[in-house]
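A.B. asks: Below: one structure in structure tokens.
The values are calculated or read from the model by the stated rules, or taken from the named source; none is laboratory data. Computed from a predicted structure; not experimentally measured. Please note: Cβ atoms are built from the backbone with ideal geometry, for glycine as well, and neighbour counts cover all protein chains shown. Areas reflect the complete protein model, heavy atoms only, side chains present, ligands, DNA and RNA absent. Shrake-Rupley method; radii C 1.70, N 1.55, O 1.52, S 1.80 Å.
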Amino acid sequence: MSISINWKDLTPALFLEQYWQKQPLLIKGAFKHFDDPIDANELAGLAMEEFIESRIVSNKNQHWDVAHGPFEDYSKYGSKEWTLLVQAVNNWFAGVDELIKPFHFIPNWRIDDVMVSFSTPGGGVGPHLDQYDVFIVQGEGKRHWKVGLPDSSLQQVLPHEDLKQVSPFAPLIDEITEPGDLLYIPPNHPHEGVAIENSLNYSIGFQAPNPQELLSALADFAVDKDLFTNRFDDRQRQVTEQNGILAEHDIDALINTIQESLSDRKLMADFLGKHLTSVHHSMNLMVPVTPMTSEFIEDVLKAGESLYPVLGIKATYINSPKNKMLFINGEGFTVVEETENLALAFSNKHTLTYDMLKSSFLCLKNKQLLTSVINMGFWCFEQ
Ligand code: SIN
Ligand code: CO
């Protein structure tokens, strides 16, 4: 399935200018003849797995409850007022992964995962805020969506310890979504979706790290690699009149010590590439039982097979003139002029055929990059 968005009067550029991170948007009929890539039974099957993150939120008679998967049996929930939410379904269903493609006008590294929910009539997670941008595609069924604007007077409500909600808000969008409708919700905009009939929703979620996360991950990276060990240097020190004071110039110098560490661009690119392509959800890497040689890979491709990116991998390429690096799932690969095209194909998560790779087999560096990526289980011959 290859799907594209019917933007109506908008284009991706206009959407970014007018709506992205600014205001919510509902595009009715954004996907023509939308075909659900998964059904409720298949979703319930995923939620039976220990290694897949899932939860059920129910609101029977105004009583909110949250249960965490895996789930074996749904009979106690009945036929209304509950919803099953499963994270990173794109790591397991190719058709769900395809739902990311219409959003390729935003770079890969910004995308987190596709969460799929199945809601029975009256089901939803209640009014709440999310810290991240999300596109929600309405699959099967109908749902009543309300989306408001950020409002500092909203109260936080905790009807259950695992359920953060907000007090009722004034909706800017108040509509019933039908199959193929697309809703965009910027961060911190209150929203609520209540199913009218059994309903599937696909949430394409984005990641937007804050300095706390970045600095914490950078500290781990530095400890791991024994970096940033240069000590504070004050060889120009003058006599201190008030030895109890931490002086402004010392604060400046200490801040400078931190800033100098951050100004190593090559190091920061390495850190960012690894951090932003790290996958937080379980997935099925296809590490071959015995490592493949480039001759073997060439033979299999020549025989007509293709190499597919494993579902859910995250890849990005940094092509600054002095520092070219490819990152896949938190691993970094140095790129040289000869391997640039192959690195770009990996970063775009292309399916690779013999025709595309023919010239790569004439170059040792390309063969090394290709075999490393395959032997790490990131690309494989099975779809
Ligand atoms: C959903 O229930 O499908 C989406 C939940 C949300 O609003 O984040
Ligand atoms: Co939400």
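A.B. asks: Can you tell me which residue among Pro179, Pro121, Pro168 is more than 14 Å from ligand 2 (Cβ to nearest atom), of a type outside the set (Asp, Glu) and exposed (fewer than 15 other Cβ atoms within 10 Å of the Cβ)?
C.D. replies: Testing whether each residue is more than 14 Å from ligand 2 (Cβ to nearest atom), of a type outside the set (Asp, Glu) and exposed (fewer than 15 other Cβ atoms within 10 Å of the Cβ) leaves just Pro168.
A.B. asks: What strands (runs of 3 or more DSSP E) completely inside the stretch 265-383 contain at least 2 residues that are touching a Pro at 6+ places or on another chain (Cβ under 6 Å) and modelled with pLDDT under 95?
C.D. replies: none
A.B. asks: Looking only at the stretch 124-140, count how many residues are open to solvent by less than 10 Å² (accessible area, probe 1.4 Å), closer than 19 Å to Leu46 by Cβ and not in a strand (DSSP E or B).
C.D. replies: Residues that pass the stated criteria total 1.
A.B. asks: Can you tell which of Lys76, Lys146, Lys80 is more than 24 Å from Asn188 (Cα to Cα), open to solvent by 30 Å² or more (accessible area, probe 1.4 Å) and within 16 Å of ligand 1 (Cβ to nearest atom)?
C.D. replies: When all the criteria are applied, what remains is Lys80.
A.B. asks: Also, I was wondering about something else. When His191 is evaluated against the numbered criteria (1) under 23 Å from the mean Cα position of the chain (by Cα); (2) buried (at least 21 other Cβ atoms within 10 Å of the Cβ); (3) within 27 Å of Ser282 (Cβ to Cβ), which criterion, by number, is the only one it fails?
C.D. replies: (3)
A.B. asks: If you don't mind, there's one more thing I want to ask. Within the stretch 198-227, count every residue that is more than 19 Å from the chain's Cα centre (by Cα) and within 16 Å of ligand 1 (Cβ to nearest atom).
C.D. replies: Residues meeting the conditions: 3.
A.B. asks: Considering only the stretch 81-103, I want to know if a residue exists there that is in contact with a helix residue (DSSP H, G or I) (Cβ under 7 Å, 6 or more places away or on another chain), at pLDDT 95 or above, within 16 Å of ligand 2 (Cβ to nearest atom) and under 20 Å from Phe327 (Cα atoms).
C.D. replies: no
A.B. asks: So, one more: Residues in the stretch 48-61: is at least one over 23 Å from Glu197 (Cα atoms), without any contact (Cβ under 8 Å) to a residue 60 or more places away in the chain and surrounded by 15 or more Cβ atoms within 10 Å (Cβ to Cβ)?
C.D. replies: Yes, there is a match, as at least one residue in the stretch 48-61 is over 23 Å from Glu197 (Cα atoms), without any contact (Cβ under 8 Å) to a residue 60 or more places away in the chain and surrounded by 15 or more Cβ atoms within 10 Å (Cβ to Cβ).
A.B. asks: Also, quick follow-up: Report, ordered by the first and then the second residue, all pairs with beta carbons closer than 7 Å, sequence separation of six or more or different chains, a first member in the stretch 182-200 that is on the phi > 0 side of the Ramachandran plot and touching a residue at least 24 places away in the same chain (Cβ under 8 Å), and a second member that is open to solvent by 10 Å² or more (accessible area, probe 1.4 Å) and within 12 Å of ligand 1 (Cβ to nearest atom).
C.D. replies: Asn188/Leu129; Asn188/Gln131
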